[in-house]
Every structure is written in structure tokens, then in C-alpha cells.
Amino acid sequence: MDNATLISEIKGLQREKNAIILAHYYQDSKIQDIADFVGDSLELSKKAAETDADMIVFAGVHFMAETAKILNPSKKVVIPDLNAGCSLADGCPPDAFRKFLKKYPEHKVVTYINCSAEIKTLSDVVCTSSNAKRIIDSIPKNQPIIFAPDQNLGKYLIKETGRDMVLWDGVCVVHEAFSIEKILDLLKKFPDAMIAAHPESEAHILKIAHFIGSTSAIRNYVKNHNHHTFIIATEAGILHKMIAENPDKKLIAAPADEDNTCACSECAFMKLNTLEKLYHCLRDESPEITLEKDIMEKALHPINQMLQLS
Ligand code: 13P
Ligand code: SF4
């Protein structure tokens, strides 16, 4: 099927099944164009929490679709490719995390939304990159905190909040791969460029960034900032919407290290989803996200805590 036919089939199925298509900025541009809503992790969770659609097609990675399911236990939540994982979620296995928590019985557990539902059941509150500071600031100063699973975001938050948190040592393979040397070379070529970086990036990248924020925050920064050239240190999929809304600005995707095995600043997990798989999953209502009732109930509490604080 060609793309035009796929798009019209998807639209027809969507109407027939009263389905909503939610997509993250890191999705393929064709998926972003057909989605009902494109956003960052927090905005997508909020949309999932408030939708009255009968089915949620989650064009993102597994932990995002799981969150949508936890917020809508009676709805069908499908994802184009069930293997669309995340290095942060994969790098925090529940048994090892349980053992880790035992060493810090007095600590409150703040987990980045990029983790499995089971890890969320072990958490006091979930956060995303756009509300993490606010959530940590809401915890009394004398309360010790564990932050998991992203250690780069954790280190950034320690600096921002002045809290001495215990960190789990997970990383995002995409944001970890940016090359400081190549970004500095780009700066020599474009000395007026502003660097906007996602806080999952390493400390040396954040140190030279003019702006640090979530994907939506980066999008708004570039849109509202009267400057010509920007180097964008996050997954390259975000450039799709940004180029369309900033036709007169020069937007450069921050380059990754050469020995990086995945494509330059692209998340291989996110890119497993394709328009064709989106069509199949809408048509077949599969692969579906299923979770044990007990896990959903326990994971809902820290997600709701986050939504209340956002
Ligand atoms: P945000 O959507 O919160 O910016 O996070 C980016 C990300 O890496 C999602 O996997
Ligand atoms: Fe996970 Fe990083 Fe991909 Fe986001 S970009 S889904 S954090 S691996």
C-alpha cells in the first residue's frame, strides 16, 4: 500500500473505531503528521488521562503506552511495535531495583516516567523532564530521595534543586551519544548558534547549552527566541515540527559520536514504529498493552501524584 492509501485507511479506521492517535516528537514525521496529538511525555500522559476515545493508539515507546493503559484500564491501548523499548526502562530491572531500594529504606523514590510499570509500583512519585524539578522541590528538604533511572537527568536535577539524591545509573543511549567535540566544531562554524539540550544529555553537553528543557520546552524556546541558528541536542525527530514552524531559522541536529552504532541522534526504539505498522495495529487492534490489575492499581498512584503536581 502506498503512503496516501495507508493514510486514508488509517483515518477511516480511526473514525470507525473512535480511536485517538497519540505520538511523541521522536516518531517518524509521517506518524506525527497523522496523529491527533503530538507532544512530550507529560503532555501525552495528560492527553491519555483525559481522552474519551474508545481506543488509544500510542505511537511512542512501550513505557509511554503502558502509562496510557494504567490511566485507562478499561480502554484498549495498542502500540505499532511492541518491541519499541527504551534503554532507560530496560536498564532498570525490577529485581535489581528492589535490592537497591532495600539499601535506602528512609528514601522517597522519584522515578522518571521512562521506566516499566513494575518500577512505577515501587515509586512514590513519577516525573517527566518537564516537571521533575517542581516535583523534587515539592518534597520536604529533610527527606532523602532516590532518583531513577536516568543518572544524567538526576545529576542535572541535583544541581538545579540543591538536593543530594541517590541515583540509579541508567542512561538514554541517544542523549548519551552526543559528541562534545563535534558540537564545539559546529559552534566554530556558527558562532552565534544557541544550543538547546534535553536534560537526558551528559553534563558536559548541558554545561555549554544555552537552554535545557523537555522536547516541548525546546520547541517553545526555539519558536519564541529571536535568534537565527540553533543546535538541537535531542532526538532528531523533534526537528520535523520545528522546521515547519520556524521556516526562517537554521536548525541543526546535534551530532553523535562516530562510534555510535545507531543512526545520528535517532532513537532506534522510537523508529521501530512505522506508518504501515500503525495501520496494522489500528486494523487488528494489536499488539495490545496488557498489564496485571494489581500492577496497574499500584502504578497509578505515583502517576496521579505527578499529574496533581503538574
Ligand atoms: P520528554 O518527552 O519528556 O521530553 O522526554 C524525551 C524522551 O526521551 C522520551 O523518551
Ligand atoms: Fe528511551 Fe532515549 Fe529512546 Fe527516549 S530517546 S525512548 S529515553 S532510548
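The values are calculated or read from the model by the stated rules, or taken from the named source; none is laboratory data. It should be emphasised that the depicted structure is a prediction, and the values quoted were computed from it without experimental measurement. Here the Cβ is made from the backbone with ideal geometry for all residues, glycine too, and neighbour counts use every protein chain on show.
Quick notes on this one:
- Per the listing Ile232, Ile208, the residue uniquely among the aliphatic types (A, V, I, L, M), at pLDDT 95 or above and surrounded by fewer than 17 Cβ atoms within 10 Å (Cβ to Cβ) is Ile208.
- Scanning segment 10-38 for residues that are surrounded by 20 or more Cβ atoms within 10 Å (Cβ to Cβ), over 25 Å from His198 (Cα atoms) and free of Cβ contacts under 8 Å to residues at least 40 places away in the same chain gives a single hit, Ile20.
- Residue check for Lys120: surrounded by fewer than 19 Cβ atoms within 10 Å (Cβ to Cβ) and among the basic types (Lys, Arg): no
- Subset of segment 64-101 [out of contact with any Pro (no Cβ under 6 Å at 6 or more places or on another chain), aliphatic (A, V, I, L, M) and either in a helix (DSSP H, G or I) or surrounded by fewer than 20 Cβ atoms within 10 Å (Cβ to Cβ) (or both)]: Met64, Ala65, Ala68, Ile70, Leu71, Ala89, Ala96, Leu101
- Hey, Lys133 of a type in the set (Lys, Arg), modelled with pLDDT of 95 or more, out of contact with any strand residue (DSSP E or B) (no Cβ under 8 Å at 6 or more places or on another chain) and away from ligand 1 (no atom under 16 Å from the Cβ) or not: no
- Qualifying residue in segment 201-209 (condition: over 22 Å from the mean Cα position of the chain (by Cα) and away from ligand 1 (no atom under 16 Å from the Cβ)): yes
- Of the residues making up segment 102-129, those that are of a type in the set (D, E, K, R) and part of a loop (DSSP other than H, G, I, E, B) number 3.
- Count of segment 102-113 residues which are out of contact with any Phe, Trp or Tyr (no Cβ under 6 Å at 6 or more places or on another chain) and either surrounded by 16 or more Cβ atoms within 10 Å (Cβ to Cβ) or not charged (D, E, K, R) (or both): 8
- Within segment 169-194, the set of residues being more than 16 Å from ligand 1 (Cβ to nearest atom) and surrounded by 14 or more Cβ atoms within 10 Å (Cβ to Cβ) comprises Ser179, Ile180, Lys182, Ile183, Leu186, Leu187, Phe190, Ala193, Met194.
- Met1, sole failed condition from (1) closer than 22 Å to His301 by Cβ; (2) not in a helix (DSSP H, G or I): (1)
- Top-ranked residue in segment 137-163 [being assigned to a loop (DSSP other than H, G, I, E, B) and touching a residue at least 24 places away in the same chain (Cβ under 8 Å); ranked as nearest to Ala254 (Cα to Cα)]: Pro149
- Identification of strands (runs of 3 or more DSSP E) wholly contained in segment 164-272 with 1 or more residues that are more than 26 Å from Ala65 (Cβ to Cβ) and among the hydroxyl-bearing types (Ser, Thr, Tyr) yields 229-233.
- Condition met for Tyr156 (crowded, with 24+ Cβ neighbours inside 10 Å, within 17 Å of the chain's Cα centre (by Cα), within 16 Å of ligand 2 (Cβ to nearest atom) and among the aromatic types (Phe, Trp, Tyr)): no
- Criterion: touching a residue at least 60 places away in the same chain (Cβ under 8 Å), within 16 Å of ligand 2 (Cβ to nearest atom) and within 19 Å of Lys298 (Cα to Cα) - qualifying residue of Ser45, Ser87, Ser41: Ser45
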